[in-house]
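Right, one structure below, let's go through it.
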Amino acid sequence: MRISHQSVAQRLMREIATGQQALFETQEQLASGKKISKPSDDPFGLSRTLAARSDRDLSAQWQRNITVAEDDLGLSEALLGNLGDLLQRSQELATQGANGALTGDARQQIGLEISRLLTEAVAIGNSSFGGRYLFAGHQTGTPPFVEDIPGAPTVVNYVGDAGSIEREIGPGGERIRVNITGAGLFNGIYSTLIQLRDDLNANDQAAVNLGSGAVSADLDRVIEARGDIGAKMRQAGVARDRLEDGELRLQSLIAGFEEADLAESLVDLQMRDTALNAALGAVARTLNTSLLDFLR
Amino acid sequence: MAISVGLNTAMRALLTQQAAMDVTSHNVANLNTIGYTRQRAHLEAVSPVGMPPVGGGVEIQSVERVRDLFMDLQLRMESSAEGSFRVQADSLALAEVSLGEPNEGGIRQLMSSFFNAWRDLANAPEESAARQAVIQTGSSFSLAAQRVDRTFNALRDDANDRVALLVDEVNTIGSEIAALNSQIMTLRVTGDAASDLTDRRDLALDRLAQISDIHYVERDNGTVDIYIAGRALVSGNVSNQLYVDPDIANSNYFDVKWTADNSLAQFSSGEIQGLLIQRDTDLPSRIADFNTFVAQIVTDVNAVHAAGFGADGIATGNNFFSGTDATDVLVDAAIVAAPTLLAAATLPAAPGDSSNAHAIADLQFAQNLSAGTQSYEAFYGGLVTTLGTDARDTRAVAESQQLLLAQIDGFRQSVSGVNLDEEMVQMVQYQRAYEAASQIIRKIDEMLDQLINRTI
């Protein structure tokens, strides 16, 4: 085949351009550490990583939600612990008050202490955190327990609702409820303590004796509620472990598709650099070879 | 036989070798001229006259271009395809970058952040910071969606502008070729091969073939007629013109029409066709898909949002987004002004209720697209993958087409291109022949000297 002067020049220039382009791409990969910088670099790899990135975002979100849920549950747990201690003390007082040898005055003294414990129990029911009342159902903006006569209630009214507060902790709408509504648990305790206080004040030994049993039953319910919370915290922990494992898998999946292999890129860079040098060398030699050098 | 015959023969040889050397000189001078076709002097022996029948020496029969017309045809056919794929690949490359994938700040990430902001709000419906975050991520997503829509449409506008420029160029080339045709025809009549004008015309044809698929016929008189989809662009020394006409039915984008009868010009390949495909078919379908995706999110989020209640426990029936799709989506101005309107609660008068926020976050997994088979993300992922695949494949076709062109051009050059070494050899050949001819003149001169001065 005849070779024309122009086609030699054009081919060499094309080879240099191709070599430079290839070298530039590898340099870019090395600099950014990324194999995929736009969809066309690897459309199918990209669609996998897009999904994986969203899953990773979700996983991070759910882990954040779990932390929030654990805080909520931990707080309720601690408050129920206080309530349990308070009931423990009430039961001791009730047992003491049921003692037949006790005078009416002594019973009234005990009644006074029960009254103080009642106030404290109402305060626990009205606990708030970050401006949110914890045991109010959805009515988180209002103290849920209201004494008809402040300081000496004959009845404590619940003004919250039965609303459930839930945290999303995993795929498929996995949610855990993080609140205990006051109505069931707390109202029972309040009426038990009010009754006990009144019976003590009325010096009704038999009734106080019955009241002691009621306090004991309330205590069991509080312990049961704490158990529930413990179970939920374990559920949250399991969900977190699962998410953390998954996150590692997602990270390596994303990295596998998107991130450039440093060693591979360096070898590529070396190879492409060599190829470009070869092309440049070819230019230097080919363009200088001419019959003109020999016609003198 | 007269001795002067030999002198004449040698004289003719001198002149002929000199003229041939001029052709070589012309070739060497145009070594780097794009589109130049090397020329060859065709030498021919002059037939003998009289007795004895000794030949009359040499003369230049013609100076001709060395050209393979079949290669021209091949090159121009492939040029049209290359032009079409190249402009499409350029457009798709810009389109795919506009989505910002897979980087942070891409549509996927903004959508994911938006739904996660609802999850944060679900964790704390009472907190105004969480409300602000929902509004802010919603705005980011809306604005990015609008930006993608605008970029896609800007690419269509750009294609439209370029169609107009290319139509101008076609007209210019058409007129130029018609003028060249006329000059070539005139020169041909005088026996001139008009090689250099023909080179210019061939170069113009090469460019025209990139812009549009053409069919052309070379006539015996040296002119070339050019047809676009069967209609004459150039016929002899007459060129027909094209013009662009805004089409009201197509966003005022240009139709390309023939000036002669206002009928639509047809292109089946070349840059104009590539641009028209991008402008009228490819990009519109991508824009439509993207808008389907955005519109679904807008509709779904609004429906759930309107059913919920704001922080005051009363406000309900409000849309979260204003607008309908990527052309105009925004977070509703009322909500931006009063974040308490955000409906995190399903129930009225329940400030701690965040089940509506949960419901909106759950939309992320709902399969509401593609007739209830795809989530937003899956649909969008498909859109990105398709765009990426098309961008990659179109680029690959354009590149392989460029390689093919380079190859054909190499073949063409191997016939028509100037090789310096070859020209040097020719130069030596002509130079030696010239020297030899002058030696003959000297010898004849000596013979005449012998005859005239020494023969008494």
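The values are calculated or read from the model by the stated rules, or taken from the named source; none is laboratory data. Values in this document were obtained by computation on a predicted structure and should not be read as measured data. As a convention, Cβ positions derive from the backbone with ideal geometry for all residues, glycine included, and neighbour counts pool all protein chains shown.
Scan the range B:270-294 residue by residue and report those that are polar (S, T, N, Q) and surrounded by fewer than 22 Cβ atoms within 10 Å (Cβ to Cβ).
B:T281, B:S285, B:N291, B:T292
Mind checking which residues of the range A:254-279 are surrounded by 15 or more Cβ atoms within 10 Å (Cβ to Cβ), more than 18 Å from A:G33 (Cβ to Cβ) and of a type in the set (A, V, I, L, M)?
A:A275, A:L276, A:A279, listed by residue number.
Can you give me the number of residues within the range B:342-357 that are of a type outside the set (G, A, S) and buried (at least 22 other Cβ atoms within 10 Å of the Cβ)?
4
Suppose we filter the range B:24-79 for residues that are part of a loop (DSSP other than H, G, I, E, B), in contact with a strand residue (DSSP E or B) (Cβ under 8 Å, 6 or more places away or on another chain) and acidic (D, E); how many remain?
Residues in the range B:24-79 being part of a loop (DSSP other than H, G, I, E, B), in contact with a strand residue (DSSP E or B) (Cβ under 8 Å, 6 or more places away or on another chain) and acidic (D, E): 0 in total.
Pairs needed: first member in the range B:424-443, farther than 30 Å from A:T289 by Cβ; second member anywhere, crowded, with 16+ Cβ neighbours inside 10 Å; C-beta distance under 6 Å; at least 6 residues apart or different chains.
B:A437/B:A10; B:A437/B:A13; B:A437/B:L14; B:I440/B:A10; B:I441/B:A10
Please work out if A:S40 is touching an Asp or Glu at 6+ places or on another chain (Cβ under 9 Å), facing chain B (nearest Cβ under 10 Å) and over 30 Å from A:R175 (Cβ atoms).
yes
Please verify whether B:L143 is part of a helix (DSSP H, G or I), more than 30 Å from B:L404 (Cα to Cα) and modelled with pLDDT of 95 or more, treating the condition exactly as stated.
yes
Restricting to the range B:175-194, what's the tally of residues that are touching a residue at least 24 places away in the same chain (Cβ under 8 Å) and either among the acidic types (D, E) or touching a His at 6+ places or on another chain (Cβ under 9 Å) (or both)?
Adding up the residues that qualify gives 1.
Quick check: is even one residue across the range A:59-69 within 9 Å of chain B (Cβ to nearest Cβ), farther than 19 Å from A:A278 by Cβ and among the charged types (D, E, K, R)?
At the first step, the residues of the range A:59-69 found to be within 9 Å of chain B (Cβ to nearest Cβ) are A:60-62, A:64-65, A:68-69.
Now narrow it down to the ones that are farther than 19 Å from A:A278 by Cβ: A:60-62, A:64-65, A:68-69.
Cutting the leftovers down to among the charged types (D, E, K, R) gives us A:64.
Checked against the condition, which is being within 9 Å of chain B (Cβ to nearest Cβ), farther than 19 Å from A:A278 by Cβ and among the charged types (D, E, K, R), the range A:59-69 yields at least one hit.
Can you confirm whether the range B:217-229 contains a residue that is more than 30 Å from B:V63 (Cα to Cα), buried (at least 22 other Cβ atoms within 10 Å of the Cβ) and out of contact with any His (no Cβ under 6 Å at 6 or more places or on another chain)?
yes
Select, from B:F70, B:F115, the only residue that is at pLDDT 95 or above and among the aromatic types (F, W, Y).
Checking each option against the conditions leaves just B:F115.
Only one of (1) within 10 Å of chain B (Cβ to nearest Cβ); (2) touching a residue at least 24 places away in the same chain (Cβ under 8 Å) is not met by A:G84, so which one is it?
(1)
Specify the residue that is farthest from the other protein chains (Cβ to nearest Cβ); the eligible residues are those in the range B:407-423 that are in contact (Cβ under 8 Å) with a residue 24 or more places away in the chain and among the acidic types (D, E).
B:E423
Residues in the range A:43-58 that are under 14 Å from A:I169 (Cα atoms) and more than 8 Å from chain B (Cβ to nearest Cβ): how many?
If we filter the range A:43-58 for residues that are under 14 Å from A:I169 (Cα atoms), which is where we start, we get A:55-58.
Applying the additional criterion that residues be more than 8 Å from chain B (Cβ to nearest Cβ) yields A:55-56.
Counting residues in the range A:43-58 that are under 14 Å from A:I169 (Cα atoms) and more than 8 Å from chain B (Cβ to nearest Cβ) gives 2.
Pull out all pairs, ordered by first then second residue, where Cβ-Cβ is under 9 Å, the residues are six or more apart or on different chains, the first lies in the range B:122-136 and is in the same structural domain as B:P348 (by TED's automatic domain parsing), and the second is charged (D, E, K, R) and part of a loop (DSSP other than H, G, I, E, B).
Here the result reads B:P125/B:D353, each pair linking the range B:122-136 to a residue that is charged (D, E, K, R) and part of a loop (DSSP other than H, G, I, E, B).
Within the range B:323-332, identify whether any single residue is surrounded by fewer than 24 Cβ atoms within 10 Å (Cβ to Cβ), more than 23 Å from B:S112 (Cβ to Cβ) and at pLDDT 95 or above, and answer yes or no.
no
Can you tell me which residue is farthest from A:S54 (Cα to Cα) among those in the range B:106-141 that are buried (at least 24 other Cβ atoms within 10 Å of the Cβ) and away from chain A (no Cβ under 12 Å)?
Residue satisfying both the conditions and the ranking: B:R131.
Based on what the data block shows, is B:D328 part of a loop (DSSP other than H, G, I, E, B), among the acidic types (D, E) and farther than 14 Å from B:I297 by Cα?
No: the conditions fail for B:D328.
Would you mind listing the strands (runs of 3 or more DSSP E) fully within the range B:228-325 where at least 1 residues are of a type outside the set (K, R) and over 30 Å from B:Q183 (Cβ atoms)?
B:242-247, B:253-258
Might you check whether a residue that is under 30 Å from A:L243 (Cβ atoms) and either more than 7 Å from chain B (Cβ to nearest Cβ) or outside any helix (DSSP H, G or I) (or both) occurs anywhere in the range A:1-9? Even if it seems obvious, please write down each step before you answer.
Pass one, the range A:1-9, residues under 30 Å from A:L243 (Cβ atoms): none.
Looking through the range A:1-9, none of the residues is under 30 Å from A:L243 (Cβ atoms) and either more than 7 Å from chain B (Cβ to nearest Cβ) or outside any helix (DSSP H, G or I) (or both).
Looking at the range A:156-182, which of the residues that are surrounded by fewer than 19 Cβ atoms within 10 Å (Cβ to Cβ) and farther than 23 Å from A:R242 by Cβ is nearest to the other protein chains (Cβ to nearest Cβ)?
Among them, the one singled out is A:S164.
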